[in-house]
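The values are calculated or read from the model by the stated rules, or taken from the named source; none is laboratory data. These numbers come from a predicted model, not from an experiment. All Cβ positions, even for glycine, are placed from backbone atoms using ideal geometry, and neighbour counts span all protein chains on display.
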């Protein structure tokens, strides 16, 4: 598929534009597991710059909001310290960004390394002769850096899911689609349909859906096609208590991207759902993938219903679950 070729070329160019290597001097021995809370990000830099107007661009970058949420919720909880404060107290963070500025750096550098002080850990170092050079690195590599940090946190979460996951989601994914899929263990109720099932927690806060349809062409991997197909399945399978009420997609909020995850092409969509004719709604995230063995499209989705409260922890757990899909295991 042309989309797969585009992704592979993009990843190759990204790898060529940055390097893996030692950061902050000599690489240290791994001392144990990460001990920071999920999605905590440590920034080691000139703290005065970070808090100043000059550091606003970088500060906005590390505090980027999650996509497709009804209110602004940053992806990470950011903790900023000066370089001289980086001691053993902080080496157990899962994600660390070092920012180094000075004349000894002849050009801007973006360096990555894994498991320098703990495991699993992602460490990014940004070096530049000036703070303007740091902003330039953020402009060029910011999305990739956030993906690296988020992917590392998802790796931690999927390890937990392997031990504690929803039995009904695993059962129905195998029964109806011949796939393996692990989602949060809070999901205990299931409602199957034709080429579709919906599973939820007792209070309907956590929700998971899986559905399939024949693959025809690459037009499947477009925002308009995704929204139309999603609305078709949800309208027929998730209805409200009153006649005419059903789930629908707020197309104006939907953002899509193409990714390579676990070696497979994934069309990822974030956005908001609502219940037509009712005051219900919330965020969702969907993964659309080609099952080439069976010439079909498999869609896995998680959505949350938790009005007037923060939802990012739940969405983080759902995103981890979406990464566990194994087709035709």
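Summary of computed values
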read-out	value
Within segment 95-120, considering residues that are assigned to a loop (DSSP other than H, G, I, E, B) and touching a strand residue (DSSP E or B) at 6+ places or on another chain (Cβ under 7 Å), the one farthest from residue 254 (Cα to Cα)	105
Some residue of segment 186-195 being touching a strand residue (DSSP E or B) at 6+ places or on another chain (Cβ under 7 Å), part of a strand (DSSP E or B), in contact (Cβ under 8 Å) with a residue 40 or more places away in the chain and closer than 13 Å to residue 299 by Cβ	no
Members of segment 206-243 that are in contact with a strand residue (DSSP E or B) (Cβ under 6 Å, 6 or more places away or on another chain) and more than 17 Å from residue 298 (Cβ to Cβ)	207, 223, 227, 231, 235, 238, 239, 240
Segment 55-94 - residue that is at pLDDT below 95 and part of a helix (DSSP H, G or I) and, of those, farthest from residue 284 (Cα to Cα)	84
In segment 171-197, the residues that are over 24 Å from residue 66 (Cα atoms) and crowded, with 18+ Cβ neighbours inside 10 Å	172, 173, 177, 179, 196, 197
Selection count, segment 196-226, where residues are closer than 19 Å to residue 290 by Cα, in contact with a helix residue (DSSP H, G or I) (Cβ under 8 Å, 6 or more places away or on another chain) and part of a loop (DSSP other than H, G, I, E, B)	1
Scan of segment 241-259 for residues that are over 12 Å from the mean Cα position of the chain (by Cα) and part of a strand (DSSP E or B), ordered by number	246, 247, 248, 249, 250, 251, 252, 253, 254, 255, 256, 258
So residue 284, is it surrounded by 18 or more Cβ atoms within 10 Å (Cβ to Cβ), in contact with a strand residue (DSSP E or B) (Cβ under 8 Å, 6 or more places away or on another chain) and either within 20 Å of residue 151 (Cα to Cα) or not assigned by TED's automatic domain parsing to the domain that holds residue 173 (or both)	yes
Residue 227 being surrounded by 17 or more Cβ atoms within 10 Å (Cβ to Cβ) and under 19 Å from residue 198 (Cβ atoms)	yes
